[in-house]
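Chemist: Take this structure first; my questions come after.
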Amino acid sequence: MVFPKARLAVSACLFLGWIGILLFLVLRTRDPVILSRPQFLESPLHVIADVRARNGLPDPEVTIVEVAWSSDAADKNLAGVKLLVEDLSYAGPDQGWSGAGQYLLPLTKRTIDKGFGYKVTPLPWHPGYVPQASVEVENVGPEPEKVAEIVQTLTGMKFEPGAVWRNVSWNDALQLKTRLEEAKASVRMRGETRIYRASPETLSQWRQLGK
């Protein structure tokens, strides 16, 4: 009979269509990007930047495509400007890096000598979430050999001035900071940083922040 065959064909088409929808949803939500609201609320500058790759990691020199929001009027005209984002090259896949392209970056500006420097705003510590952290040695102090020994022992890495341990557990970073300060080094501990691919979904989330 023709009628049962037609029903079978329609059922098969509906089934294949349903499978296609499920596959689309899986591919669309396989690696969802979720913005950290506290990170953006603390950040005084939100930009969309063109980020190139260098040795498989983000190149810290970026080109600003658009200033999405700024608390400082002086930063609202940065579109088209090349900026050096000091710690951007430390962002790996776990921090949002997925290859060259445009990214939404929450930035913090700080005074350096007679100019300004920019860094990715770290994720703040808030109830229910303890971020990873980074430890930076700002001044090695009077016992550089002891500092180098501590870094080698706790991290397995050769000491270099500047950032020595990034994106590790908060407790491990705190232990390193404590030991280095005991060796009379000047140390700064910063929270984990994250960057975000500037996809339509990401920008939609950003707009919902109300900035």
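The values are calculated or read from the model by the stated rules, or taken from the named source; none is laboratory data. None of the values given here were measured: they were computed from a predicted structure. Reconstructed Cβ throughout: ideal geometry from the backbone, glycine too, with neighbour counts over all protein chains shown.
Chemist: Any idea how many residues of the stretch 94-118 are in contact with a Ser or Thr (Cβ under 7 Å, 6 or more places away or on another chain) and either modelled with pLDDT under 90 or not in a strand (DSSP E or B) (or both)?
Modeler: The total comes to 1.
Chemist: Considering each of ALA6, ALA12, ALA91 in turn, give the residue that is assigned by TED's automatic domain parsing to the domain that holds ALA198 and either over 13 Å from ARG194 (Cα atoms) or modelled with pLDDT under 95 (or both). Reasoning before the result, please.
Modeler: Numbers: ALA6 fails: assigned by TED's automatic domain parsing to the domain that holds ALA198; ALA12 fails: assigned by TED's automatic domain parsing to the domain that holds ALA198.
Result of the check over ALA6, ALA12, ALA91: ALA91.
Chemist: If you don't mind, there's one more thing I want to ask. When the residues of the stretch 153-177 are filtered to those that are exposed (fewer than 13 other Cβ atoms within 10 Å of the Cβ) and of a type outside the set (Gly, Ala, Ser), which remaining residue is nearest to VAL130 (Cα to Cα)?
Modeler: Looking at residues that are exposed (fewer than 13 other Cβ atoms within 10 Å of the Cβ) and of a type outside the set (Gly, Ala, Ser), I get ASN171.
Chemist: Step by step: first the residues of the stretch 119-131, then only those that are over 14 Å from LEU83 (Cβ atoms) and assigned to a strand (DSSP E or B), then the one that is modelled with the highest pLDDT. Which residue is that?
Modeler: Checked the stretch 119-131; the qualifying residue modelled with the highest pLDDT is PRO122.
Chemist: Follow-up question, since we're still on this one. Kindly list, by first and then second residue, each pair from a residue in the stretch 138-155 that is touching a residue at least 24 places away in the same chain (Cβ under 8 Å) to a residue that is outside any helix (DSSP H, G or I) and of a type in the set (Lys, Arg), limited to pairs with Cβ atoms under 8 Å and residues at least 6 apart or on different chains.
Modeler: The qualifying pairs are GLU138/ARG188; GLY141/LYS184; PRO142/LYS184; GLU143/LYS184; VAL151/LYS158.
Chemist: Can you tell me which of (1) touching a Gly at 6+ places or on another chain (Cβ under 6 Å); (2) buried (at least 21 other Cβ atoms within 10 Å of the Cβ); (3) of a type outside the set (Asp, Glu) is the one ARG110 doesn't meet?
Modeler: With respect to (1) touching a Gly at 6+ places or on another chain (Cβ under 6 Å); (2) buried (at least 21 other Cβ atoms within 10 Å of the Cβ); (3) of a type outside the set (Asp, Glu), ARG110 is out only on (2).
Chemist: Residue check, GLU149 against (1) in contact with a Lys or Arg (Cβ under 9 Å, 6 or more places away or on another chain); (2) assigned to a helix (DSSP H, G or I), all met but one. Which one?
Modeler: Result: GLU149 fails condition (1) only.
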